[in-house]
Amino acid sequence: MALFRAKNLFSRSFSSLSSNPLRVCVVGSGPAGFYTAEKMLKAHQGAEIDIVDRLPTPFGLVRSGVAPDHPETKDYFQQIVVNQFSRVAQNDRCSFIGNVTLGSSISLSELRELYHVVVLAYGAESDRVLGIPGEGFSGIHSAREFVWWYNGHPDCKNLDPDLKSSDTAVILGQGNVALDIARILLRPTTELAKTDIARHALTALEESSISLIAGKFIWLEDVGQYKQLVLQKSYVKFLSIKDLKVCIQESDLLKTPADEEELKNNRIQRRVYELLSKAALGASLSSSGQRELHFVFFRKPDRFLSSSDRIGHVAGVRCEKTILKESIGSGKQIAVGTGQFEDLECGMVLKSIGYKSVPIDGLPFDHPKGIVPNIQGRVLSNTTENPTLLEEGLYVCGWLKRGPTGIIATNLYCAEETVASISEDLEQGLLVSTSSMPKSGREGLLQLLAERNVRVLSFSNWEKIDSEENRLGSLRNKPREKLTTWEELLKVAME
């Protein structure tokens, strides 16, 4: 019965396929996965594409990674990206198969038996670590966890960050994600209430001492200086936050001759420097009750400090001061320790130091780089980069392929390269022939999952979730009210 229902959900795709199509499975329904599927549909007119994801909801970071206070970005993704990906999923030769976890619902070796081509695009669902003492204290969270928490990802509904016991938080890092986090913590909740931020996160922020009582955010950068700060636009967004004072020490803005030359040739960095200089000059103009964002450069985290009255809870970060010195031979400036330390008190630490992909059984993995060893998307059997040692029919795309870098659109070019490799391998006969070795693909996958009592979800199931979230959002004057637990998501999907 379960198999019959599963086949019925995907029946539109079975009816229009040739008897021995090229069977392709893409694991991961984020931008990398959908762009890969779209390019494969265009490049191979007889191919059948299945997009498998462990979540009931598609679109990856488009849904769970974009800050809710980015309305223009959200609108763009909804109108352009999500609509584009939805058309891919609704193609007669493509299916979204949700609630299926690679490694537990089905193994990689089983997928490779069922499909001619398997493309892994499941991204990075873990975090880099600093590897310093105290990193396991409570009150320390990764940026990924915190972003998933306020964006309603079901894995982080119960994160429960401590926003009440202290007025100070420390954010380690200075990329776009770190900037997003700082804005969410500092922005008035009356403004956030009009976004699609998760309800549990909004409630916690409304009661937060950090965002509503005079407090400060300390920004640490263990690399160097202001010129590492992300683009001007990200910084300027802070200027729109009401009653926020941005502070930076003038000493952190001292320029070397090398800096002067770099600023002269880079308009964006020059504008960032001007904005930070303005913040440094206005640092003395403080008023009581004003929230503060402190940018602190030239500091390297050395260890986390434990609270004396809450054993095992973070109470601060000990940092080593750094200076810039030219690296011999490279001509580049690098930050080196001075042996001088300072302690920064806080009640919460958010580490925005990078995402990390995780390996699965049967998959070659380069642990130091955190990626699958590959050549233009072709998976290598080991990390020696010997092009003759390829995993037949196995490919990779997105962060799993290149590391957690770039913007969402970067995955488009990444997918084009991987699909070009697949096409080239098919033309050169490096993949098994669909006629000489037909594979069961989707039908075989659904049968295997039914035997294991895995409840699979189709794109039409996702559309039920989407409709309900939009309905709930309209009741609260929000774009959507996300369902944030596995139970809620599955219940609505199967109604």
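Accessible area per residue, 1.4 Å probe, Å², for the chain: what's the number?
Heavy-atom accessible area per residue stands at 45 Å².
What does the convex hull of the alpha-carbon atoms of the chain project to on average, in nm²? Can you show the working numbers first?
On the way: hull surface 102.7 nm².
Approximately 25.7 nm², given one-decimal rounding.
Could you tell me the largest-minus-smallest coordinate of the C-alpha atoms of region 320-374 on each of the three principal axes, in descending order and whole angstroms?
For region 320-374, the Cα spread along each principal axis is 46, 42, 15 Å.
To the nearest 0.05, how large is the calculated FRET efficiency for Leu159 and Gln79 if R₀ is 25 Å and r is the Cβ-Cβ distance? Please report the intermediate quantities before stating the final value.
Numbers: r = 30 Å, r/R0 = 1.21.
After rounding to 0.05, the efficiency reads 0.25.
Can you send over the carbon and sulfur percentage of the accessible area for the chain, probe radius 1.4 Å, protein chains only? Could you put the intermediate results ahead of the total?
Numbers: 11010 of 22050 Å².
Roughly 50 percent, rounded to a whole number.
Counting only helical runs of four or more DSSP H residues, what would the 222 nm mean residue ellipticity of the chain come to if each run contributes -39,500 (n - 2.57) and the total is spread over all its residues?
Helix contribution divided over all residues of the chain: -9500 deg cm²/dmol.
Whose amide H sits under 5 Å from the amide H of Leu390, counting only residues 5 or more places off or on another chain, with H placed in the peptide plane?
For Leu390, the qualifying residues are Ser381.
What are the principal axis extents of the Cα atoms in region 357-495, in Å, biggest first?
Result, largest extent first: 58, 37, 27 Å.
At a Förster distance of 41 Å, what's the computed FRET efficiency of Arg87 paired with Asn477, Cβ-Cβ distance as r, to 0.05?
The pair Arg87/Asn477 has a calculated efficiency of 0.90.
Just to be sure I understand the rule: take each whole DSSP H helix in the chain, project its Cα atoms onto its long axis, keep it if the span is 20 Å or more and its mean Kyte-Doolittle hydropathy is at least -0.5. Which ones pass?
Working: long enough: 267-281 (21 Å, -0.19); 410-427 (26 Å, -0.16); 459-475 (24 Å, -1.07).
Result, helices passing both filters: 267-281, 410-427.
At a Cα cut-off below 21 Å, give the lysines reachable from Lys332, other chains included and same-chain residues fewer than 8 away excluded.
Lys227, Lys255, Lys264, Lys300, Lys321
Of the cross-linked pairs Lys237/Lys278; Lys194/Lys245; Lys74/Lys278; Lys74/Lys157, which ones have a Cα-Cα span greater than 26 Å in the structure shown?
Over 26 Å apart, Cα to Cα: Lys74/Lys278.
Given Cα pairs under 8 Å that are at least 6 residues apart, what percent is the relative contact order of region 364-495?
About 14 percent, as a whole number.
Using θ = phi - 60° and the Karplus relation 6.51 cos²θ - 1.76 cosθ + 1.60, list the HN-Hα couplings for region 159-170 in order, rounded to whole Hz, with x at every Gly or Pro.
4, 6, x, 7, 9, 10, 7, 8, 9, 10, 10, 10
The values are calculated or read from the model by the stated rules, or taken from the named source; none is laboratory data. Values in this document were obtained by computation on a predicted structure and should not be read as measured data. When we count neighbours, we look across all protein chains shown, and the Cβ atoms used for this are built from the backbone with ideal geometry, even at glycine. Keep in mind that these areas ignore ligands, DNA and RNA; they rest on the heavy atoms of the full protein, side chains included. Shrake-Rupley method; radii C 1.70, N 1.55, O 1.52, S 1.80 Å.
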